[in-house]
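Everything on this sheet refers to the single structure shown next.
The values are calculated or read from the model by the stated rules, or taken from the named source; none is laboratory data. Because the structure is predicted, anything quoted here is derived from the model rather than measured. Glycine gets a Cβ as well: all are built from the backbone with ideal geometry, and neighbour counts include every protein chain shown. We work out accessible area using only protein heavy atoms, side chains counted, and drop any ligands, DNA or RNA first. Shrake-Rupley method; radii C 1.70, N 1.55, O 1.52, S 1.80 Å.
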Amino acid sequence: MPKSYQQNFSREGKTIGCVLIKNGLLKVVEDAPIKSQAYGDYFYSKDISLEQEISKVEGEANIIIQKILSSEPLTLESGEIQQMKEYVLFQHIRTPHYANQHEKDMNRAYQQIGGSNDIQVIVPDKQLFILRTFLPHIEETAGHFNLLIVDNQTDIPFITSPEPSIYFNPYQMQRGNDTFGILTFGGMLFMPLSSKKALLMYDPMAYEPQNEQIVSSSLSSVSNLNARVLEYLDHTNAGCFYYDNRISDFWSVMEIMLQHITEDLNLDFIQERDGIGDDEANYPFSKSALFPPFNSK
């Protein structure tokens, strides 16, 4: 997870609030050093040029992120919107969990094709393999989504995790489907940028927001989006999540948040489009489309 990203949740740019999860117990560390959070040398490979290119991409995205966090009123140009969508996708597929899930799904697919559970596919340098597979398609993939800036005007802060960009699919989940790829009809990606701002990418064929670029979020919506972060921790075994350590009494904030999580996890600023049955039927992608699925269970 980029240090520049974590600094958006920091009081002085060097530490971040961290909640450790072990054996069902939570421990708050108010001043966890940013330099040691979700970090590793040669994260993808020992190819220095690759690491430098990734750093360049993240540095350029950070310029736009700081614009989102600081500008009032805010208008992003079309090129900036595209860059942010690609950045959110990149942050989703760059993690160890995504690489491990990709390998599992490859094995499941080959076992189904071969009719044998004995088939075992081992992908060396999984994260590097994912990058080389995904990056040539990232611009095209981003084009299938629209982008919202979520403005949190509540007293509940957005939280984040070592997997800062989270994919989920309310449309499919409400219909009892629990496995779906990034381009499946109804997909969303959520990425907090700070305690007060976040990005939400959504399938415009399935949903429509209240307006085109910036939406205000209620207590319920902020809590439900945070619930997605907590839910995702169960799948990734991340062992922690992060919060802005400018918040002095995080436990009290968490108690309020838990009271506003709704059973259906709906968001009040975006809803399913009317009459979308035909759109789904004619959707050009399937549940196994292009990129490995994420199993919500």
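Scan region 74-149 for GluC sites (Glu not before Pro) in coil per DSSP, keeping those whose Cβ has at most 10 other Cβ atoms within 10 Å, and list them by number. Each step should come with its number before you reach the end.
On the way: sites: Glu77, Glu80, Glu86, Glu103, Glu139, Glu140; in loops: Glu77.
The qualifying sites are Glu77.
Using all Cα-Cα distances in region 95-249, what percent lands in each 10 angstrom bin from 0 up to the longest?
Over region 95-249, the share of Cα pairs per 10 Å bin runs 10, 32, 36, 16, 5, 1 percent.
Could you identify which residue out of Asp249, Asp151, Asp118 has the top mean-square fluctuation in a GNM of the chain using Cα springs shorter than 10 Å?
Result: Asp118 has the largest fluctuation of those listed.
For the chain, with only Lys/Arg (+1) and Asp/Glu (-1) charged at the beta-carbon, what is the dipole magnitude about the Cα centre, in debye rounded to 20?
On the way: 23 positive and 39 negative charges, 184 e Å.
It works out to roughly 880 debye.
In the P(r) worked out for the chain, what percent of Cα pairs fall beyond 34 Å? Walk me through the numbers on the way to the answer.
Details: 8176 of 43956 pairs.
Every Cα pair in the chain considered, those over 34 Å come to 19 percent.
If each residue of separation counts as 0.36 nm, what is the full-extension length gain between Ser218 and Gln120 once their alpha-carbon separation is subtracted? Walk me through the numbers on the way to the answer.
Working: separation 98, 0.36 × 98 = 35.28 nm, distance 4.68 nm.
That pair, Ser218 and Gln120, stretches by 30.6 nm at full extension.
Please compute the per residue accessible area over the chain with all protein chains in place, 1.4 Å probe, rounded to a whole number of Å².
Values: 14310 Å² over 297 residues.
On a per-residue basis, the chain sits at 48 Å².
Please report, as a whole percent, how much of the solvent-accessible surface of the chain comes from carbon and sulfur atoms (probe radius 1.4 Å). It would help to have the intermediate numbers written out before the result.
Working: 7000 of 14310 Å².
Carbon and sulfur atoms account for 49 percent of the accessible area of the chain.
Mean Kyte-Doolittle hydropathy of -1.0 or higher plus an axial Cα length of 20 Å or more: which whole DSSP H helices in the chain meet both? Provide the component values of the computation, followed by the final result.
On the way: long enough: 48-70 (33 Å, 0.24); 78-93 (23 Å, -0.34); 96-114 (27 Å, -1.78); 219-236 (26 Å, -0.04).
Qualifying helices, which must be both long enough and hydrophobic enough, are 48-70, 78-93, 219-236.
Give Lys35/Lys85; Lys126/Lys197; Lys3/Lys56; Lys27/Lys197 a once-over and call out the pairs whose C-alpha atoms are over 23 Å from each other.
Working: Lys35/Lys85 26 Å; Lys126/Lys197 32 Å; Lys3/Lys56 13 Å; Lys27/Lys197 25 Å.
The pairs that break the limit, which is 23 Å between Cα atoms, are Lys35/Lys85; Lys126/Lys197; Lys27/Lys197.
Regarding region 53-130, what whole-number volume in Å³ per residue does the convex hull of its Cα atoms give? Walk me through the numbers before you get to the answer.
Values: hull volume 8.9 nm³, N = 78.
Measuring per residue, one finds 114 Å³ for the Cα hull of region 53-130.
Percentage of Cα-Cα pair distances in region 195-259 greater than 15 Å, rounded to whole percent?
On the way: 1341 of 2080 pairs.
Summing the P(r) tail past 15 Å for region 195-259 gives 64 percent.
Bin width 10 Å, origin at 0, all Cα-Cα pairs of region 164-239: what percent of pairs per bin?
16, 51, 30, 2
Is region 118-202 rounded, prolate or oblate when judged by the Cα gyration tensor, a ≥ b ≥ c being the square roots of its eigenvalues, rounded requiring a/c under 1.5 and prolate requiring a/b larger than b/c?
Details: a/c = 1.86, a/b = 1.58, b/c = 1.18.
Because a/c hits 1.5 or more and a/b exceeds b/c, region 118-202 counts as prolate.
222 nm [θ] for the chain, helices only, -39500 (n - 2.57) per DSSP H run of 4+, per residue, to 500? Display every interim value, and only then the final one.
Values: 10 runs with 113 residues, N = 297.
The per-residue figure over the chain is -11500 deg cm²/dmol.
Applying 1/(1 + (r/R0)^6) with R0 = 35 Å to the Cβ-Cβ distance of Glu51 and Glu255, what FRET efficiency is obtained, to the nearest 0.05? Please list the in-between numbers first.
Details: r = 41 Å, r/R0 = 1.18.
The calculated FRET efficiency here is 0.25.
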